[in-house]
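J.: Take a look at this one; I'll ask things after.
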Amino acid sequence: MKIWIKLVANELIEKIDEFMDEIKSCLQVITNPKDAKPGEFRETLARLDILLVQEKENIHPRLRHFLEKRSYLKAVTWIEGGSPEKGICGQ
């Protein structure tokens, strides 16, 4: 039983890591649009929107707030462990 729980936990951690890597990759393109290939910026915004809809309940509420409000620099700051400044919404 313990081995099974450990395997499931490891799989969940791996999926979370993959998901966060995808979010970070999207944010990298969005926050550095000059480095994007033609069409990549638009495709990345669409991909991030899809991820947000599909995984809304699985995204940390703070990160979800930044992504929903399109506060991408704040999302990057939060992911990196920083404290984003409060915006006009007060959050």
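J.: So, in segment 8-91, how many Lys pairs have Cα atoms under 25 Å apart, if the pair is 8 or more places apart or on different chains?
T.: Here the count comes out as 19.
J.: Calculate the length of the line joining the C-alpha centroid of segment 29-43 to that of segment 44-91, in whole Å.
T.: Each part reduced to its Cα centre gives a spacing of 18 Å.
J.: Among K74, K24, K56, which one moves the most in a GNM of the chain with springs linking Cα atoms closer than 10 Å?
T.: Maximum among the listed residues: K56.
J.: Using unit Cβ charges (K, R positive; D, E negative) and no other charged atoms, how large, in debye to the nearest 20, is the dipole of the chain about its Cα centre?
T.: 300 debye
J.: Nearest 10 degrees, 0 to 90: what angle lies between the long axis of helix 2-31 and the longest principal axis of the chain (Cα atoms)?
T.: Result, in degrees: 10.
J.: So if we plug the beta-carbon distance of K69 and N10 into 1/(1 + (r/R0)^6) with R0 = 25 Å, what FRET efficiency do we get, rounded to 0.05?
T.: Numbers: r = 33 Å, r/R0 = 1.33.
Plugging the Cβ-Cβ distance into 1/(1 + (r/R0)^6) gives 0.15.
J.: Tell me what the chain gives for mean residue ellipticity at 222 nm when only DSSP H runs of n ≥ 4 count, each as -39,500 (n - 2.57), the sum divided by the residue total, rounded to 500 deg cm²/dmol. List each step's numbers first, then the result.
T.: Numbers: 4 runs with 61 residues, N = 91.
So the helix-based figure for the chain works out to -22000 deg cm²/dmol.
J.: Right, next: Under a point spin-label approximation (7 Å from Cα along Cα-to-Cβ), what is the E22-E43 distance to one decimal in nm?
T.: According to this spin-label approximation, the distance is 1.5 nm.
J.: Looking at (i) 30.0, 94; (ii) 15.2, 51; (iii) 24.7, 85, which value of Rg and Dmax of the Cα atoms in Å comes from a calculation on the structure shown?
T.: Given (i) 30.0, 94; (ii) 15.2, 51; (iii) 24.7, 85, the structure-derived one carries the label (ii).
J.: If you don't mind, there's one more thing I want to ask. Among R42, R64, rank each residue by its count of other Cβ atoms within 10 Å, from fewest to most, as a rough exposure measure.
T.: On the way: R42 10, R64 16.
Arranged by neighbour count, lowest to highest, R42, R64 become R42, R64.
Readers should treat all values here as calculations from the given coordinates under stated rules, not as data from a laboratory. Please read these numbers as outputs of a predicted model, since none were measured by experiment. Cβ sites come from the backbone with ideal geometry, for glycine too, and all protein chains shown count toward neighbours.
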